[in-house]
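Undergrad: One structure is given below, represented as structure tokens, and several questions about it will come after.
Values quoted throughout were computed directly from the atomic coordinates according to the rules given, and no laboratory measurement underlies them. Remember, predicted model here, so these are calculated numbers, not experimental data. All Cβ positions, glycine included, derive from the backbone under ideal geometry; neighbour counts span all protein chains shown.
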Amino acid sequence: MVNRAFRAMDVDMIIKMGFFIADFDRQIQQLYSTQLNKNQFNNHFMVYRGQGMSKEDFEQLKNNQGGLMSFNNFLFTSMNYNDCLKFAKRAMNTPDLVGIQFAMSINPSRSSVPFASVKDVSYYNDSDDIIFSMNTVFRIHTIKSIEKNNRLFQVDMELTSDT
């Protein structure tokens with residue numbers, strides 16, 4: 001619901017949920033600090049996000065290759081490529097959408113954005129989800145079709161220290 005309010009830029013809903021948003025962001029910050037202190041994120045790693053995107057937005061994304069992309073909401077990702085690819089493929093059931101598989105390279109030593117693994121706090125102990133705080137910025141490297149499909153694409157990105 002929070003991410004929906006941010007996507008729609010529903011100011012009234014964002015204001016009504018302000019306490020929840022601030023608390024959730026604080027929890028991500030706390031998890032991030034705890035996990036960094038435990039050296040949970042020492043090495044470079046990859047996360048993924050599969051989603052649908054309008055053809056118009058995808059054209060803008062292609063024109064911004066080499067540039068920056070900011071997610072203005074909480075960003076839910078997974079370390080499981082195939083699970084996320086399923087979400088991207090589902091988008092192809094809607095004619096006006098293309099399936100996008102974001103492949104995000106994370107170098108914890110260069111990151112200034114809080115992110116946290118939810119494995120230890122999730123109801124599901126086998127969760128490999130990583131949540132990023134709002135306004136996370138990535139550099140778009142390459143965009144390529146997946147499985148020779150003109151409606152399914154992988155966008156290779158790298159987390160920047162830009163905020």
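Undergrad: What does the C-alpha gyration tensor say about the overall shape of the range 27-96? Classify as rounded when a/c is under 1.5, otherwise prolate if a/b is larger than b/c, or oblate.
TA: Verdict is prolate for the range 27-96.
Undergrad: So, R0 is 22 Å and r is the distance between the beta-carbons of residue 70 and residue 148; what FRET efficiency does that work out to, to 0.05? Walk me through the numbers on the way to the answer.
TA: Values: r = 31 Å, r/R0 = 1.39.
Calculated transfer efficiency: 0.10.
Undergrad: Which ³J(HN,Hα) values, rounded to whole Hz and listed in residue order, are derived for the range 44-55 from phi using the Karplus coefficients 6.51, -1.76 and 1.60 in 6.51 cos²θ - 1.76 cosθ + 1.60 with θ = phi - 60°, glycine and proline given as x?
TA: Using θ = phi - 60°, the values come out as 4, 8, 10, 10, 9, 8, x, 7, x, 8, 4, 4 Hz.
Undergrad: So, one more: Net charge near residue 87: determine it from the other residues with C-beta under 13 Å of the C-beta of residue 87, scoring Lys and Arg +1 and Asp and Glu -1.
TA: Within the 13 Å Cβ shell, the charges total +2.
Undergrad: Order of 102, 45 from fewest to most other C-beta atoms within 10 Å?
TA: Working: 102 23, 45 13.
Least to most surrounded, the residues fall as 45, 102.
Undergrad: Multiplying the sequence separation of residue 62 and residue 82 by 0.36 nm and subtracting their Cα-Cα distance, what value in nm do you get? Can you show the working numbers first?
TA: Values: separation 20, 0.36 × 20 = 7.20 nm, distance 2.32 nm.
Separation in residues times 0.36 nm, less the Cα-Cα distance, equals 4.9 nm.
Undergrad: Compute the acute angle (0 to 90°) between the alpha-carbon long axis of helix 81-90 and the principal axis of greatest extent of the alpha-carbon atoms of the chain; round to the nearest 10°.
TA: Compared with the principal axis, the helix lies near 50 degrees.
Undergrad: Okay, moving on. Let me spell out the model: positive unit charges on the Cβ of Lys and Arg, negative unit charges on the Cβ of Asp and Glu, origin at the Cα centre of the range 1-159. What dipole size does that give, in debye rounded to 20? Write down the numbers at each step before the final one.
TA: Values: 17 positive and 16 negative charges, 55 e Å.
Dipole about the Cα centre, nearest 20: 260 debye.
Undergrad: Which value in deg cm²/dmol, rounded to the nearest 500, describes the helix-derived mean residue ellipticity at 222 nm for the chain, given -39,500 (n - 2.57) per DSSP H run of n ≥ 4 and division by the residue count?
TA: On the way: 5 runs with 52 residues, N = 163.
Value at 222 nm, helices only, nearest 500: -9500 deg cm²/dmol.
Undergrad: Which three extents, in angstrom, do the Cα atoms of the range 1-159 have along their principal axes, listed largest first?
TA: So the extents along the principal axes, rounded to whole Å, are 43, 40, 31.
Undergrad: Roughly how tilted is helix 18-37, in degrees to the nearest 10 and between 0 and 90, from the longest Cα axis of the chain?
TA: Approximately 80 degrees, to the nearest ten.
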